[in-house]
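The values are calculated or read from the model by the stated rules, or taken from the named source; none is laboratory data. Because the structure is a prediction, the values reported are computed rather than measured. Glycine gets a Cβ as well: all are built from the backbone with ideal geometry, and neighbour counts include every protein chain shown.
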Amino acid sequence: MDILVGVIVGLLVLMFLVTAHEFGHFIAARRNGVNVLEFGIGFPPRAIAWVKDPKTGKWRRLPRKEWTKEKATKVVISNGNKDFAQKGMIFSLNWLPIGGFCQMDGESAADTRAGTFGKAGFWAKTKILFAGVAMNWLVAIIIFTILAWTGMPEFLDGQFTVANDTRTDATPVQITSVAENSPAAKAGLAANDYIVAVNGTEVKYASEITDINTAHAGEEVSYKIFRKGAEDCNCDKDLDLKVILNPADSEYLLGVTMASSQSLSYSTWSAPIVGIGLTAQLTGETYKGIGIMIGNLVSGTARLFSPNSEVREEGQEALSEVKDSVSGPVGIIGVLFPAFTSAGPTNLAFLAALISVSLACMNVLPIPALDGGRWLLIAIYKLRKKKLTKETEEKIVSRAFIVLLALIFIVTILDIIRIAQ
């Protein structure tokens, strides 16, 4: 049931983020004189739709019988060719909850009709194409600003904060299980105990406890423990327990598993600054990760052709890192969202903002099927002072889109394999 709820929440969040992206295109298109034929939430088949009368500006329910293009339009003769001019902008709700879309009139850069995307100037096209990216960054900034006020999870080392306006609260590290006959069991540590300090040093993270244990392998270590009593009694305890750790070459030093602790940072006046700063930081980390992934992919592939077996093994390890670092729709919706949903609304909101940043970063990339690639294509032809024909644009974009779909398919298969293992 938790997985099902997580999947549903994931679909809704992704639909919101993609719709926000498309709404950015919509706003920029309208402000730059480009007609929008339809703005849809979800993907067809259509569930319900409204149409705006261009003369009165009023909305009316669009009957199902007018959903087809021919019945919803009137014939216009343009340059000797029969064409269809839509009566007004359509707003639709659609059955497939996998995003949204903004259908502009004349989306080909070669279109010359008034009110089309193709007729718009280069600067107007630039604003329209990158407005979706800007909207995703704006959504991330807003979410992070709210979290900075209400409690921001700390997921990054050196996560952006304003030091003189930040208060941090951390949940103590909790022991989830204790191995039999382990040093922890012999000392009296038990499941659900909270580790407050080790050797007099306050600890907030499991990694800090592991580091202290490693430095004192085989020695006696002092643990300060908080143990909750039963709900019907006031019998919480603070305990000081002495633990003699196993030697360094043992299977384990302490013999416990620990739940990941989480710190929340709180800001007041600096919350908007934190929202902007963290969005910028995650943008940088995203591009850094993409750079490392591409580097591993190129170097790993090259090393596979080496006659040296050790070099080939290094290449396989590099490609394995690429595989493990990439997650597609199945991994995001089927694994990440259920995990973050069960962790609470604060963590879910952080994940939504993180994905919004990722959507912005990916759409800037110079891939013809994405916003950044379409802009680059238009810019190249403008610099060359050549006309970008509809046929050329469709050929380049469609081929890039096929490659993109193939990559998504491969990543989806890898997600399924990871989940199954």
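Structural remarks
- If you go through the range 197-208 and pick out every residue that is modelled with pLDDT under 90 and of a type in the set (A, V, I, L, M), you end up with 2.
- Within the range 162-185, the set of residues being under 19 Å from GLY255 (Cβ atoms) and loosely packed, with under 15 Cβ neighbours inside 10 Å comprises THR176, SER177, ALA179, GLU180, ASN181.
- The combined condition, being surrounded by fewer than 20 Cβ atoms within 10 Å (Cβ to Cβ), outside any loop (DSSP other than H, G, I, E, B) and not basic (Lys, Arg), is fulfilled by ILE98.
- A search for C-beta distances below 9 Å between a residue of the range 1-22 that is in a helix (DSSP H, G or I) and any residue that is among the hydroxyl-bearing types (Ser, Thr, Tyr) and modelled with pLDDT of 90 or more, counting only pairs 6+ apart in sequence or on different chains, returns LEU17/SER356; ALA20/SER356; HIS21/SER356.
- Taken together, the residues in the range 234-250 that are modelled with pLDDT under 90 and within 19 Å of ALA191 (Cβ to Cβ) amount to 5.
- Taken over the range 151-161, the criterion of being part of a loop (DSSP other than H, G, I, E, B) and either among the basic types (Lys, Arg) or surrounded by 13 or more Cβ atoms within 10 Å (Cβ to Cβ) (or both) is satisfied by GLY151, GLU154, PHE155, GLN159, PHE160, THR161.
- Neighbours by Cβ (under 7 Å, 6+ apart or cross-chain): first from the range 285-310, in contact (Cβ under 8 Å) with a residue 60 or more places away in the chain and under 14 Å from MET362 (Cβ atoms); second of a type outside the set (D, E, K, R) and surrounded by 12 or more Cβ atoms within 10 Å (Cβ to Cβ): THR286/VAL357; THR286/SER358; THR286/CYS361; TYR287/CYS361
- The set of residues in the range 335-357 that are at pLDDT below 90, buried (at least 19 other Cβ atoms within 10 Å of the Cβ) and polar (S, T, N, Q) contains only THR341.
- Of all residues in the range 1-50, those that are of a type in the set (Phe, Trp, Tyr) and over 24 Å from ALA353 (Cβ atoms) total 1.
- Within the range 135-147, tally of residues that are more than 14 Å from LEU282 (Cβ to Cβ) and surrounded by 24 or more Cβ atoms within 10 Å (Cβ to Cβ): 1
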